Structures are given as C-alpha cells and as structure tokens.
C-alpha cells in the first residue's frame, strides 16, 4: 500500500507516535521545523476545497495546540487572489487534486508528481516542496486524490505528532513536544485494502442511549460529529447508525448533511433498505412492512428514502427482512428478487440511471442466506455482504465463481450481539487473534469491498475497533500470524508511550485470550472446575495477576494518562477478575455448604463482596473525569438465565451450612471421589495431589496424617480452628520417586482429624519411559498437548503450518497457510507429528480442541485427519454441512465454549508412538490435543499440558 519511502532516512529517525504508518514526523530533526522554531506555523487550505478537508485542517491546528501549546494559523486561500506571501514561517499546504488550485498549480509546474495517487480511491501524498509559492522557501505539502484522501493525509500528521484517534472517545493524553520536524521524504499512501470500512452502533440501550440522552438529549448531530471525527481519524469511512430508538435522518436533519460534509459514507443496517430506519418503518409508512400485502406503500416509502439521500454519499442497503430485525413470514426467493429489482428501479429513477455508479449492498444475514442458497442472485452491481454467526465466525466467503462480480463482496462482523446463545454487550471480550484469523481469511478470499463491524455501544470496544479498522485500511501489514503482537506493541506505544508498551501489550493480549474463553454473560459458578486440575484457582489467579499488573502500569503513568488506561485496560481487567472471583467463590460456597464446611460462609462472604465490588467499579467508571462517561457501564451482565439480559444484576445463589457444635471434621479429596481415591500420580505428571481436611462445627480439632515413607505430606500434622481462616487445611501429597516401588502401585494414607478417621488411597505409577525417548508422556491416564509443540512439521509446495500466538483458550492455534491453498489430501500433505509415550494399552479417545469456525466454503467443509503410528488416517469432519443461513447442530456448544471439540478413537499399546495430525483445509485451527487413555477428568479448558521429556 505504501508505494514510496526512503528506508535509509527512516532508519535514522526516532519512532513517531503513529500506528503502523511510514514516519513523516520527527521530534528531534528533519527537513522542515514545524514547531519550536519561534515562528508561527501556517496551514494553507483552499477556500474551494471540500468542507470536510477544511474542517479536518481545523482539527490539525487544534492538535498542534494540544501537543505544543500553540495552534496553527489557518489561511483559506484561492491562488488567483492570494497575497504573494501567504506565510513567512513554517508552512503546511493541504489540498485535493482538482479542488485546490494551489495543489493543481504545484502539479502543473512539476513541483509535485501525483501520478501514483491521481484518480485513486482515498489516497494521499506528502512531501517537502522547495519554493511552493512566491516568497515561501519550503512547505510540507499534502495532496489528496479525493476528499478523504486529503483528510487522511491531515490526520496522518495529527497521529504522528502524538494525537491519538481516541483522544476524545478514550481520553488518550498527548505528550507535550517542544519541537516538531517534517522529514524530507516523499510518502504515498492508498488506496486502502478494503473500500468501505466502518462500524455499526447497535444494541445501544441502556448504556449508550442513557449516556447520549444525558449528554446530548438524543442521537443528534452534536453526538454524531464526534463519531464522524473518530472514524476519519481511524481511517474509516462508513457508518451504520443506531437503529432501535432513533432515526438518523429524522431525529436531526443535520445528521446526514454533516456526515457528508465530514466525509462519512452513510449506510443502514442489514434490515433497513434505502436509508429507511427500523423506527421509520413503523412510524411513517402506510400499512404493514410487508411486501406481499403492501408492496406499493413499501415502494413509496423506500422511494422517499432514496430521494431524501440524493445529495449525500450513501452506500445503500438492499433487500428486505421482516419487522424489527426478524425474518419475514411472507418473503420468498421470488418475492425478494422482486424487492431488489424494484429497489434498483427506485435508485435508477431518483439517483442515477447508471446503477453501477451507485454503491449498493445486500447483506446475506440469517434467513437471507437461505434465499441465496436456494438460487436467488443479486445483480453484479450489488455487493454481497457475508455475515458471521454473530459471534465472530464467518459463515460464508466468496467461492471461485463469485470473485469476479463487479461489486465484489464484503463482511458484516460482530463484537457485540443480542441473541442466542446469550447477549454479549457489557465490555470487551474480543480475541484480537481470532479477529485477525477470520478477517485474514476474508481478505484473502476476496471479500474486500466492505468491512463493517457491530460495536454495540462503541465505548468499551476501543481496542478491537482500532485493530479491525487498521486491518481494513492496510491488510498488507497484517499478513502474518504474529502480526497481532506487532500491532499491539504499536498501539500501546501510541496510546501510553514506549516505556510501558511491552507490559501493556502483554496485558491486553492475555486479556483477549482469557476474556474470549467464555463470554461474561455465559459465566456461572459451574464453568471452571474446583475439584479437577486446580482449574478454577488457576484461572482466577491468571485474572488476579493480570489485574495486578494492569494496576501497576496504571499507577506508573502520569495523571493525564491514567483515565485512558483505566478505560481501555485497567477497568476490563479488574471487572473480569471481580466477576471470576464472584463465580469461583460461589462455586466453592455451594460445594462446601453441601459438605457442611464452616468455610462455606467465608467463600459466600467473598462472593457477596465481589458482587458489591462489581457495582463499585462501575461507579468509579461513571465518576471518571467529572462524569464524562456516566451510564457507559449500565449494561447488566450477572444473572442471565436465557439469551436475553436480566433486568438487573442478580447475585448468584449462595448456601449456608447449618450451625453445628458437635459434628466431627470432614475430608474431601482432589477429584471429588466419594470413596477417597485420589487421581493417579506419576513421575511425569503433577507434582502433588491434595486432601482437604475441614471443620464442620465451631470447635477446634487436631489432625495428623500417617503414610508410607515414600509419600510426603505437607503438612502432616496441624490444628483446625473454627470459625476462622484455618477452618480448612489443604494437605499436599507427593511421591519420593526414588524410594517408591517401581511400576503401578497404591499407597494408603490414614487421616485422623478429631474423631474422624479416613483412609485415602493414592494410586501412583513409577514407570519410566524407554531410554532415548523424547516427547509427551502419559500421566493420570491422559496426554495433553499444545499443538504448537510438535515434534516435526512437514511442508509442501502449496502449504505449511503456522502458529497463531494467543489464539485459543490456553496457548495458541496452529493452522495451514496460505489460506488460499488447495484442499490437502493426507497422508502426503503437510503433517504435524507428536511423539507420545503411553503406559496403558487401550482404545484411546483423541480429542482435538479447535477454533469454533464454520464452513465458509460449502464445497470444502472443515476437516482434519489423525492417525497413530502407521494406521490409516481417520477423517474428522467436525463442522456439519448445513444450508446457508442455518447453523450446524454443534454451533450452540462451540459458541458457548469458544471452541469446537471432536473425538476419534485409536488403539494404542504401552510404549512409544507417533501421533500424526493433518489439517485438510485452511480455516482448521488446532488449539489443543487430548489423548484420553482412561483417566480424563471433567474440566472446561481440558487438562494442562503434559510433561515433555
């Protein structure tokens, strides 16, 4: 995308504050000093240029003021009437080719060559020009190919001097600079990778709507101009406005006028054709919103919409659905074909008889996809907008026969949704790596005309919005699986500075993985196991560590930078930790109360405190900056019972054991076995198992443990005091492997606590792998593998495996690249191999944990193959083929769990083996391998990775 720059010079200049952009600004030296020289810098614009360019120029002036304390002097001139010397000091000249006579004169005189951007979509060129005007020695000249090209060129300077696109919507502080220099480089940029790039403000009640009503009185132009500016600073150009209790074109007639002046292409959601909003359909149309019974009134209604928008830049939504984002009970393939034909007739008669000159899109959302599958086709001058499943998994992408359509294809994506299996509206739960993997697929499969993402209330989703729009603007920077980490470092540097960038990027990346494991609205006390694999405590500790690290970064920042960090990083980390503390404490309370443990009360109290802390944190958010963002955390998120949100946050159910003064202590073992049998210990597995000895009364009790000499118990003696912090005692049991008997055996551990005497069995396996073996070893009847830790990986001329860091629920994902490769045919195709060692002869269940992807090409369903040693590879087609618009039977579980699971069965003997794994299609992403040899215990994330020797 960047077609000209001088690497030798750029290597010598310090990093500016832009995100992924070729530098044209320095704070130490350069070809032209723009600030700090003592002279006032002038910005020259053409009085004949677009209003949006002039307005963005005013933003640039204000941005210099934010950074240096001195705004630019703005001169709007016309070359024919201007003073011979419009400026005497440092100067920036901005203009659009064909609209600015000054820019056109520089072109005609040969002082700038714009051949690389002329006639291109949203492109610009910036360079230092000697003697651009009479009396002016030099200037930084920015020439735009069109309106937004000039605007993006202006905001490129704003970002590079240190003004984040989120300076207002996320309160990102600017770093004062005493000097600013323009580098002597020629930079050409554009056109963007995706033509129309934007967001959808949706599901806006209660948070965004309550905030807008308080601050602006409604969804009027005073609100929307902030959104327009944000989008342009993010190099986006497209907006679907709020739809449920607002009417963009009616609520404030300045809304569409200002959108056009700013340079925003307006659209409407997939269910609102020809700019007529959902609320307008019920308020202003005669009769029902029904094509079968009220066609002529619908046509008149839509015609009025087209006429109303004639003078503004619009990307028209085509097609039709039922009332209020529902399927229409009367539409058929034939009638929908008539709808689109009639809509194009409206556009032809009211806008332009050349329909190919009118941007149009048809969103194949839900049941509409079924119409397409059944044979309905749109004219080639209508872009096909393919949708995900509302949860970030693309349902369909262009197939070879569709890629040559003149209007191309695009993607409607979701970072927010109201619907099954649960709403997710509260705060950010987006994995940036998942977004990259899916949108990289979309781009490589030629869905490049439109990318629009549902962002709900906008405010809590600053980071994924930035990432999505940066990819849409220049996907060439993000072609590699590790590109997300690069982007995060650039983002953190821009927003908070290089000193904390690495730590911030790490926090944000881990946050995305943890949050994406399960949407917060789908959380409850049953999700993470409190008895197996220490899962609940491990997850809770991960969140605690993350919140602690985020707090430390926050506290190290300047006072000016802290609000932004709180909004985008610290708040979500703390909010998520509090929520997990609430549910893990509730789970322990419920379990311990059923056992009569005194400590159930303390865990219940912790849960109550966490519930209160959730509310208090929201209040802190609302009070920030004098209440600037009051209501933005109004969304309920605790206590869902089905897909729709509860009316208020509801405390999970807690239990309290009956008061007892005589009951003896109790014993509970890891794994929850009621016969007091612990999971097997192995020298290649977990270092210890645990036994809980607990008080069930208000009296104290001594305990002691007697075991075989090779069994270590920590502690072996102690005292339970109730009530109090030592009402429970967790005893860790480990094996001295050199002293223990070889092979498989069982030790018996006698637990004496007051009058309670319990014998606990601890099976152990002191077997050893064969000499020279290198790989994963069975322990506790399981081998668990992170797929990136393969023994070997083969390649072919057409495909190889790549690792997507942090994509998955525990470590990463492994997938085939390039994603445009042909279908692979095992066993000769690229293969992953894993050396494994088993001590058990059995029929093993090998379960692959995979990304929750869908069959985006119906002729090439997502499939993998697995084999042990030399057996014939077993085919695993883990996503059923369904009609477009209909989700597979596996969808609900994979969406809830943020991952698919599929199991094949294979005979294994004791000893060394090779597990072979093949992805047959790009889009198959391996995230965990679990070989169950008879010992797998229930958990959400699966057992932790096995030992490698």
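The values are calculated or read from the model by the stated rules, or taken from the named source; none is laboratory data. Only a predicted model underlies this, so the values are computations on that prediction, with no experimental measurement involved. FYI the Cβ positions are ideal-geometry reconstructions off the backbone, even for glycines, and counts take in every protein chain you see.
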With criteria (1) closer than 30 Å to residue 567 by Cα; (2) not assigned by TED's automatic domain parsing to the domain that holds residue 592, residue 670 comes up short on (1)
Name, by its number, the condition in (1) without any contact (Cβ under 8 Å) to a residue 40 or more places away in the chain; (2) closer than 17 Å to residue 233 by Cα that does not hold for residue 159.
(1)
Given the criterion in contact with a strand residue (DSSP E or B) (Cβ under 8 Å, 6 or more places away or on another chain) and either touching a residue at least 24 places away in the same chain (Cβ under 8 Å) or over 23 Å from residue 416 (Cα atoms) (or both), identify the matching residue among 512, 456.
456
Any residue in the stretch 885-892 that is in contact with a strand residue (DSSP E or B) (Cβ under 8 Å, 6 or more places away or on another chain), within 22 Å of residue 542 (Cα to Cα) and part of a loop (DSSP other than H, G, I, E, B)?
no
Among strands (runs of 3 or more DSSP E) completely within the stretch 739-843, the ones holding 2 or more residues that are within 34 Å of the chain's Cα centre (by Cα) and in contact (Cβ under 8 Å) with a residue 24 or more places away in the chain are 782-785, 800-805, 812-817, 832-838
It is to be established whether one or more residues within the stretch 355-364 are in a loop (DSSP other than H, G, I, E, B) and free of Cβ contacts under 8 Å to residues at least 40 places away in the same chain.
no
Is the stretch 277-293 home to any residue that is more than 38 Å from the chain's Cα centre (by Cα) and either not in a loop (DSSP other than H, G, I, E, B) or not assigned by TED's automatic domain parsing to the domain that holds residue 451 (or both)?
yes
What about residue 49, is it in the same structural domain as residue 155 (by TED's automatic domain parsing), in a loop (DSSP other than H, G, I, E, B) and at pLDDT 95 or above?
yes
Across (1) more than 25 Å from the chain's Cα centre (by Cα); (2) surrounded by fewer than 20 Cβ atoms within 10 Å (Cβ to Cβ); (3) touching a residue at least 60 places away in the same chain (Cβ under 8 Å), residue 616 clears everything bar (3)
Among the residues of the stretch 171-189, count how many are out of contact with any strand residue (DSSP E or B) (no Cβ under 9 Å at 6 or more places or on another chain) and surrounded by fewer than 23 Cβ atoms within 10 Å (Cβ to Cβ).
5
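Where in the stretch 76-153 are the strands (runs of 3 or more DSSP E), entirely inside, with at least 2 residues that are crowded, with 18+ Cβ neighbours inside 10 Å and modelled with pLDDT under 95?
124-133
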Looking at the stretch 427-448, is at least one residue under 27 Å from residue 888 (Cβ atoms), at pLDDT 95 or above, outside the structural domain of residue 801 (by TED's automatic domain parsing) and in a strand (DSSP E or B)?
no
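Residue-wise test of (1) under 22 Å from residue 325 (Cβ atoms); (2) free of Cβ contacts under 8 Å to residues at least 60 places away in the same chain; (3) assigned by TED's automatic domain parsing to the domain that holds residue 275; (4) in a strand (DSSP E or B).
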{"residue": "203", "(1), (2), (3), (4)": "yes, no, yes, no"}
{"residue": "219", "(1), (2), (3), (4)": "yes, yes, yes, no"}
{"residue": "224", "(1), (2), (3), (4)": "yes, yes, yes, no"}
{"residue": "227", "(1), (2), (3), (4)": "yes, no, yes, no"}
{"residue": "230", "(1), (2), (3), (4)": "no, no, yes, no"}
{"residue": "235", "(1), (2), (3), (4)": "no, no, yes, no"}
{"residue": "244", "(1), (2), (3), (4)": "yes, yes, yes, no"}
Check the stretch 859-873 and report whether any residue there is in the same structural domain as residue 790 (by TED's automatic domain parsing), in contact with a helix residue (DSSP H, G or I) (Cβ under 9 Å, 6 or more places away or on another chain) and surrounded by 15 or more Cβ atoms within 10 Å (Cβ to Cβ).
no
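So that you can scan it fast, the table gives a plain yes or no per residue for (1) touching a residue at least 24 places away in the same chain (Cβ under 8 Å); (2) surrounded by fewer than 21 Cβ atoms within 10 Å (Cβ to Cβ); (3) on the phi < 0 side of the Ramachandran plot:
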position	(1), (2), (3)
556	yes, yes, yes
566	yes, no, yes
573	yes, no, yes
579	yes, no, yes
587	yes, no, yes
598	yes, no, yes
609	no, yes, yes
623	no, yes, yes
628	yes, yes, yes
Hits in the stretch 527-565 (condition: more than 25 Å from residue 622 (Cα to Cα), over 24 Å from the mean Cα position of the chain (by Cα) and assigned to a loop (DSSP other than H, G, I, E, B))
529, 530, 531, 532, 533, 534
Answer with yes or no whether residue 446 is within 17 Å of the chain's Cα centre (by Cα) and in contact (Cβ under 8 Å) with a residue 12 or more places away in the chain.
no
Taking the stated definitions as given, is residue 379 in the same structural domain as residue 319 (by TED's automatic domain parsing), closer than 23 Å to residue 300 by Cα, over 25 Å from the mean Cα position of the chain (by Cα) and without any contact (Cβ under 8 Å) to a residue 40 or more places away in the chain?
yes
Verdict on residue 548 being modelled with pLDDT of 95 or more and surrounded by 20 or more Cβ atoms within 10 Å (Cβ to Cβ):
no
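Given the structure, is residue 239 at pLDDT 95 or above and part of a strand (DSSP E or B)?
When the stated conditions are applied, residue 239 passes them.
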Against the definition (surrounded by 19 or more Cβ atoms within 10 Å (Cβ to Cβ), out of contact with any strand residue (DSSP E or B) (no Cβ under 6 Å at 6 or more places or on another chain) and more than 30 Å from residue 258 (Cβ to Cβ)), how does residue 368 come out, yes or no?
yes
